[in-house]
Amino acid sequence: MKDIFTIVFRLTVSCLLAGLVMGATFVFTNKAKLHNAEVREQKVMLGLLGYSGAKTAPASLKLHPVYRYLVSGGGVSSLGYLVPTSGAGEAGYVFVNLGLDGNFLGKEDVRLEAHKAAEANEREAAIVVALGSGKECRYVDQTIVATDNGQRLAYLLPGEFPGFKTFINVILSVDPAFAVTGLEIMEHEEDPGLGGEIVQAYFKNQFRGKTYEALKKLGVVKEPLPDEYRRVLENDRNGGSIGAEEVAQVEASYSGKDIYALTGATISSKAVTNGVKSIVNKFAYRIGILDRVLKEQQIVVPF
Amino acid sequence: MATDKSSLQLITNGILNENPIFRLVLSMCPAVGISTTVMNGLMLGVAVLFVQVFSSLTIAIFKNVIHPRIRIPTYTLTIATWVTVIDMVLAAYMPEAYAKMGIFIKLIVAFAIITMRLEMFACKETVSASFFDGIGMGLGFMAGMMAIGFVRELLGMGTLLGYDLLGFKPLLFFVLPLAGFFCVGLMMGFFNYIEARYKSAKRASA
């Protein structure tokens with residue numbers, strides 16, 4: 001009997017000590033960790049817009065996040081978009097509620113400061129307050145609209161799709177006509193040396209310059225990558241050795257071609273191609289509906 | 001029962017005589033699964049070195065208050081704590097290394113070599129001896145991982161530490177998980193062969 005108490009007591013103390021050590025480390029490191037993730041994401045996004053290395057982004061460039069939510073309550077589901085508003089004396093954000101078929105259901109002002117909107121918990125709490133009781137919302141994804149002097153420059157689409165083993169996490173940038181301008185792989189678990197090569201410039205940059213029309217019937221070919229194309233794909237856009245004219249010329253000649261599959265990783269190559277296609281397709285459909293509703297309801301947005 | 005080995009002997013013991021991978025044949029999962037490049041081996045080795053040293057120290061310090069009936073749960077708890085700490089520290093201060101190694105770090109909790117060293121060594125020996133034993137085992141593991149990584153990266157991808165050395169991929173098969181088994185087995189045999197030759201040469205000269 002005495003043994004039970006000693007064992008329970010000592011294990012409890014060990015657990016408490018372990019908890020203290022881990023808790024203290026968490027408190028000290030969490031801020032830096034979140035900051036790292038944010039910095040990386042920002043850097044990738046600016047890189048996709050063409051600002052990397054020595055070329056810094058101008059002050060007129062702004063990134064406006066649009067968050068998509070699934071709203072449920074009373075047995076009915078609907079979609080909601082949290083969009084920033086730019087009108088004077090506004091609450092900061094508007095939550096636009098749309099039916100699953102794209103009909104406008106309602107809009108609510110959401111009181112939220114910009115720095116709080118970046119945090120998922122704060123954002124969700126503010127939306128729930130604006131929606132009123134009996135409704136629940138679940139975060140789905142976000143889109144970042146990049147503007148230069150108020151003109152839409154590009155859309156940045158973080159997305160996820162299945163790869164060879166698990167999900168591949170990417171950020172895709174498309175121009176206002178939905179032509180792909182860049183692809184960056186954020187997280188993946190493909191086989192190193194095979195599917196893992198999707199992160200290499202000579203693969204992911206092949207998506208650059210594929211138009212919306214070309215994307216619809218984009219496939220994968222098992223052919224060796226031509227040398228002149230590879231040179232251009234691996235060329236650094238800001239400070240590379242190949243002139244911009246030559247790059248544009250070569251890219252244009254390949255823009256209608258399919259994606260050249262990676263050696264030994266056809267499945268990964270196809271997964272990325274299909275993933276990119278589906279992200280762009282779905283987005284083009286959604287932004288069309290959202291733009292129409294914003295126009296009809298005369299919601300002023302900064303993009 | 002204190003060990004009579006000097007600190008240097010404890011360290012070399014971990015690297016050569018009782019190398020975790022090639023002699024004790026422990027922690028085979030990472031040795032097969034993660035050792036595709038030299039860099040992977042190095043980074044995982046460093047992480048294991050830290051976990052091993054900290055866990056050995058902790059157990060050696062508290063060995064008298066650990067109830068012998070519940071020592072295994074206590075070891076597991078200790079290892080899990082240090083792995084979590086290192087995971088969080090890496091994520092915060094070395095984000096680039098963490099982006100590559102993040103999913104492997106958490107696996108260290110289950111590495112047989114660490115529990116085994118706590119059970120066989122740290123719970124019986126002094127704090128300083130356990131510290132040097134931890135360093136030796138950690139370095140031995142790191143050296144083993146890097147050696148396997150060297151062979152697999154060079155043969156599988158034709159590169160070393162990411163630099164393209166050969167310009168082609170001699171045996172693409174070597175980066176696949178299956179090849180890890182062949183690689184570890186062949187290298188183990190190779191080291192045993194060298195040792196046997198060395199011993200017989202010594203005997204002949206004596």
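The values are calculated or read from the model by the stated rules, or taken from the named source; none is laboratory data. Given the structure is predicted, the values throughout are model-derived calculations rather than measurements. Note that we place each Cβ from the backbone using ideal geometry, even for glycine, and neighbour counts take in every protein chain shown.
General observations
- Within segment A:32-59, the set of residues being under 27 Å from A:Asn235 (Cα atoms), in a helix (DSSP H, G or I) and among the hydrophobic types (A, V, I, L, M, F, W, C) comprises A:Ala37, A:Val39, A:Val44, A:Met45, A:Leu46, A:Leu48.
- Of the criteria (1) out of contact with any Asp or Glu (no Cβ under 9 Å at 6 or more places or on another chain); (2) among the β-branched types (Val, Ile, Thr); (3) more than 14 Å from every other protein chain (Cβ to nearest Cβ), which one B:Ile11 fails: (1)
- Residues of segment A:207-240 that turn out to be part of a helix (DSSP H, G or I), in contact (Cβ under 8 Å) with a residue 40 or more places away in the chain and either among the aliphatic types (A, V, I, L, M) or out of contact with any Gly (no Cβ under 8 Å at 6 or more places or on another chain) (or both), as a count: 4
- Flag for A:Val13 being in a helix (DSSP H, G or I) and touching an Asp or Glu at 6+ places or on another chain (Cβ under 7 Å): no
- Subset of segment B:74-83 [within 9 Å of another protein chain (Cβ to nearest Cβ) and either touching a residue at least 12 places away in the same chain (Cβ under 8 Å) or surrounded by 22 or more Cβ atoms within 10 Å (Cβ to Cβ) (or both)]: B:Thr74, B:Thr78, B:Ala80, B:Thr81, B:Trp82
- Residues in segment B:92-110 that are over 24 Å from A:Glu197 (Cα atoms) and crowded, with 22+ Cβ neighbours inside 10 Å: B:Ile108 alone.
- Output for segment B:142-158, where each listed residue is among the small types (Gly, Ala, Ser) and either under 27 Å from B:Val53 (Cβ atoms) or part of a helix (DSSP H, G or I) (or both): B:Ala143, B:Gly144, B:Ala147, B:Gly149, B:Gly156
- Flag if B:Lys199 is more than 15 Å from B:Val25 (Cα to Cα) and surrounded by 12 or more Cβ atoms within 10 Å (Cβ to Cβ): no
- Every condition in (1) of a type outside the set (A, V, I, L, M); (2) without any contact (Cβ under 8 Å) to a residue 60 or more places away in the chain; (3) over 18 Å from B:Gly33 (Cα atoms); (4) away from chain A (no Cβ under 14 Å) holds for B:Gly185 except the one numbered (3).
- In segment A:127-168, the residues that are closer than 22 Å to A:Leu79 by Cβ, at pLDDT 85 or above and hydroxyl-bearing (Ser, Thr, Tyr): A:Tyr139, A:Thr143, A:Tyr155
- Meets criteria (facing chain A (nearest Cβ under 9 Å), not hydroxyl-bearing (Ser, Thr, Tyr) and not in a helix (DSSP H, G or I)) for B:Val89: no
- Pair list, Cβ under 7 Å, 6 or more apart: segment A:1-29 residue facing chain B (nearest Cβ under 9 Å), other residue of a type in the set (Ser, Thr, Tyr): A:Ser14/B:Thr74; A:Ala18/B:Thr81; A:Val21/B:Thr81; A:Met22/B:Thr81; A:Met22/B:Thr84
- Restricting segment A:30-48 to residues that are at the interface with chain B (Cβ under 9 Å from one of its Cβ atoms) and charged (D, E, K, R), the residue that is surrounded by the most Cβ atoms within 10 Å (Cβ to Cβ): A:Lys33
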